[in-house]
1. Quick one: is A:Thr127 surrounded by fewer than 20 Cβ atoms within 10 Å (Cβ to Cβ), over 22 Å from the mean Cα position of the chain (by Cα), of a type in the set (Val, Ile, Thr) and over 19 Å from A:Met277 (Cβ atoms)?
2. Among the residues in the range B:156-175, are any surrounded by 15 or more Cβ atoms within 10 Å (Cβ to Cβ) and outside any helix (DSSP H, G or I)?
3. Quick one: is B:Ile462 part of a strand (DSSP E or B) and more than 14 Å from chain A (Cβ to nearest Cβ)?
4. Can you pull out the residues in the range A:295-320 that are crowded, with 19+ Cβ neighbours inside 10 Å and of a type outside the set (A, V, I, L, M)?
5. What do you reckon, is B:Gly164 at positive phi and touching a helix residue (DSSP H, G or I) at 6+ places or on another chain (Cβ under 8 Å)?
6. Enumerate the helices (runs of 4 or more DSSP H) found wholly within the range A:232-301, keeping only those where 3 or more residues are among the small types (Gly, Ala, Ser).
7. Looking at A:Thr158, A:Thr189, which one is within 11 Å of another protein chain (Cβ to nearest Cβ), surrounded by fewer than 18 Cβ atoms within 10 Å (Cβ to Cβ) and β-branched (Val, Ile, Thr)?
Amino acid sequence: MLTYIARRFMLFPLVLFGVTALIFFLMQFLTPYQLVALYVTDITELQKGPEHLENLVERHGLNDPFLVKYSKWLGSLLRGNLGWSRSARMPVGAALKRFFPSTLELVLWASIPIVLGGVWLGTISATRKDTLIDHGARLWALAGVSLPAFLLSLFLLTLFYTKTGWFPPGSISLWAEKLILSGEFRQYTGVYTLDALLNGNLAVFFDALRHLALPCVALIIVQWASLMRIMRSTMLEAMRQDYVTTARAKGLRERIVINKHARRNALLPVVTIAGAMIARMIGGLVVIETVFSRKGLGSFAMSAALQLDFPAILGFTLLITAVTVSANLVVDLLYAWIDPRVRLS
Amino acid sequence: MRFRRLHTWAAVLTVVVLAVSAAGVAQSGTVNSPDTLVTARPGGIDTLDPHYGSDIGSSIFVGNIYGGLLRHPRFGTVNDVEPDLATVVPSSENGLVTVAPDGTTFVGFPIRQNVLFHNGATLTPEDVLYTFQRILITDAGYGADFRDILLGEPDINHWLEEAGIDAFWDAIQLAVQIKGNIVEFRLPEPNVVFLNLFADGGRYNAIMNKAWCVEQDCWPGTKETITDYALVTQAENPIHGKTNGTGPFKLVNWDVGSSVTLERFDDYWEGPAPLKTVIRRTIPEWGTARSLLEQGDVDIVTPEAWYIPQLVGLPGVNLVFRDESLTVTFLLLNQNIDPTAASIWSGQLDGAGIPPDFFTDIDIRKAMNYAFNRDAAVEASGLGSVIRTVIPPAVQYYDEDQPFYAYDPEKAEEHFKAAWGGEAWEKGFKFTLYWSSLVPTWEAYAQILEAGVEAINPKFQIEVQGLEWPSYIDGWWGGLSPFGGPFPVYVLGNIYTSTDASMVESVMASTGAFGSTLGYSAQAREEFDPLLALGVQTFEAEARREIYEDLQRLCYENALVIPSHVGGNVFAMRDWVQGFYMLESWRRGTDFYTIWKGYPE
């Protein structure tokens, strides 16, 4: 098992290296002016106009062979220099550090109910195939897949904030914000719920939770649907297997047959999907973050893309790559834990 | 057994939900957070360094943090000025404005005593001197205006590359001097608009604390370092996100793209403000902003006109309409487009693009003017009215009898046929018309021009595309935007900072914001600049009227720009917001000092 984990960890930097090479290769398709803008942060240089371009190309070695340019860029990257983000008005590294916690918090709080609820709903639906519960769950899944996140978010906001005042948008209330700015509340991670627990401040914890509720619900409804559908079909597949029939024939209780024999095997593809889904969520929360006024990675990436802010786009891509590779690593480890055959191979 | 467990979980969930939500239910009849004002706007702030401010979003906000020498009176009009950090408004009557026989003019500002900066330092004349020296060496904000009036040459490259640092430094030393407690400016000749430049109440010429600036690694105030500090990037600017002013509020936190928090400065020289905290949130989604307003979690929002019906009759919400009679919306035709910009497509007059000098042809400019339906623009904006000349009716010497380009597709067709020797009509053209998402109605104006032009000839194509404000404004300055730039056409609002007719300079002067970017500075230098110079040196009303009517005529004859309409604006605010006022120009911005929350007795 340890060898397996070590091997997976060794692959981690290699994958990241491959991605950086791919990104850098794609960057070569930019126009010279756009490429220069990636290297030059001094506005006065750029303002000198196109006739000054050749000097800049020369000075920054943009005519050098691909490998030379790549090693220079990688060196800069390894020194932590991701460039200046025009859209965020700060260094890209600082922007990622600023926006990542908000998105991470939302994804973490939403992912637990998404995975548990999706698996549970899929199992129930499969074990009660063609009953009212199954039809209801499938209808729910269809609605979740079909309903635009924007509409769902606005509906939730109107119902649970505008009409009732229960769950406000944003990340935190005014009083909590003031407390944080006063310096009496220490920000360890930027994840408010976690920081509140570390500060022992339950009032801030519940306040942050209150602000998380609606975006989490919106996210859960949308994501539950796809996970539930996959779980249902893999569960149905598993329940048709001989080992399930054998388990039943041995006289095991139905709950044990479902939970220990069928569901454990049905979980394998779901784990794969769930890992990728959570990684994808981190970069794809534009709509939910916008409607619920949460400044996170999704809206940062959107703004960077709209402004052709290449350093920010590259920094964001690298971060998402790292998250995806990490999620895959976790998935692989879970796989090995769930299925002993993976360890042997 | 299973059902009992389910019920237990349901009960726990209900308790948690109720506990979590209970705190948030607004109590009717009470004022939410009485000492805190929360405003919401869709766009963010570009920079907090006032001398580098280029956008309204930044400048209207920093005016609450900094102070200037003069300001427009609160609840007054932009035609009046009153002292701010100076003790009096200089005039010949009080002896602070003197004119030598050769025309050299001296304007002195006695500096207010016992004014504190937010860091506790006391304001001195040295701070004022440093401030204006920094403005003079800066290639941003009001730098060019002050160089023009005080040094006679606005272009910083002239000083840095042609005249040289020594001459530049000597000119600066001569232009601003300290005489006791007075900071004196020396103008080579009298200038009608000079005092008005100071009256923006701490926006573009905010008074800085020299020691603090130097401590932050800003320009140290030495000749040798001028070149290094003439234009620094935001990444390099040490006070891009820091402030230390003399205004009624001090900066607590700038969460870029999300919010800015200000706190009352208790030692403000006019006494502490009623509000303790001001928060400006960036909320791009209108539905969210409206919900926050309805719940009272936001006090003031600025909706687009088409959202007004959603707000009428909303309990606890007042609509405040403001006649923005000094803000003119223009569609600007660029005669010197960036040849590398993607917006000109093929870059040639071949039906698939336009050449960079496309708008140098006067027939194209006239055709565009005739093809633009101003009435439709006013309708789209929801507020405002059509204007006939380059200046709005509220400005002096507005000439209603001037001819203007009323929407006329037939005349537009005539001019299109005559343009570029008939080639434009035969081959057609294509370009991208960008608009900034900062002002959503700008999209409508872009589409109105697109519709008007494309209806005339199917070979004419205009692609309308929205850009975020930073990319849009970077494209204006040229070379900074990844989209290239300057672009072929801009939709922009121009703010006339007073009702003095000389404000037309911003559109027509060779060194004005428009002339220098839009490629007509050579023509302006020859035809408009002499008249503009005469205008600011002439004090006799009738003579001035003639000059400015001539300028309006020249603007029409040359079809320099497409003046669309003067704007209006609406603020939606909770009924507990008191003491809110806005002048007729955005220049003053929202003054948080006068605002308090509550209900009058």
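The values are calculated or read from the model by the stated rules, or taken from the named source; none is laboratory data. All figures in this text were calculated on a predicted structure; none of them were measured in a lab. Cβ placement follows ideal geometry from the backbone for every residue including glycine, while neighbour counts extend to all protein chains displayed.
1. no
2. Among the residues of the range B:156-175, not one is surrounded by 15 or more Cβ atoms within 10 Å (Cβ to Cβ) and outside any helix (DSSP H, G or I), which makes the answer no.
3. yes
4. Listed by number, the residues that qualify are A:Lys295, A:Gly296, A:Gly298, A:Ser299, A:Phe300, A:Ser303, A:Gln307, A:Asp309, A:Phe310, A:Pro311, A:Gly315, A:Phe316.
5. Criteria not met by B:Gly164.
6. Once the helices (runs of 4 or more DSSP H) in the range A:232-301 are filtered for at least 3 residues that are among the small types (Gly, Ala, Ser), what remains is A:264-283.
7. Of the residues listed, the single one that is within 11 Å of another protein chain (Cβ to nearest Cβ), surrounded by fewer than 18 Cβ atoms within 10 Å (Cβ to Cβ) and β-branched (Val, Ile, Thr) is A:Thr158.
Let's see how each residue does on (1) assigned by TED's automatic domain parsing to the domain that holds A:Gly122; (2) under 13 Å from the mean Cα position of the chain (by Cα); (3) modelled with pLDDT under 85; (4) among the β-branched types (Val, Ile, Thr):
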position	(1), (2), (3), (4)
A:Leu236	yes, no, no, no
A:Asp242	yes, no, no, no
A:Thr246	yes, no, no, yes
A:Lys250	yes, no, no, no
A:Ala262	yes, no, no, no
A:Trp337	yes, no, yes, no
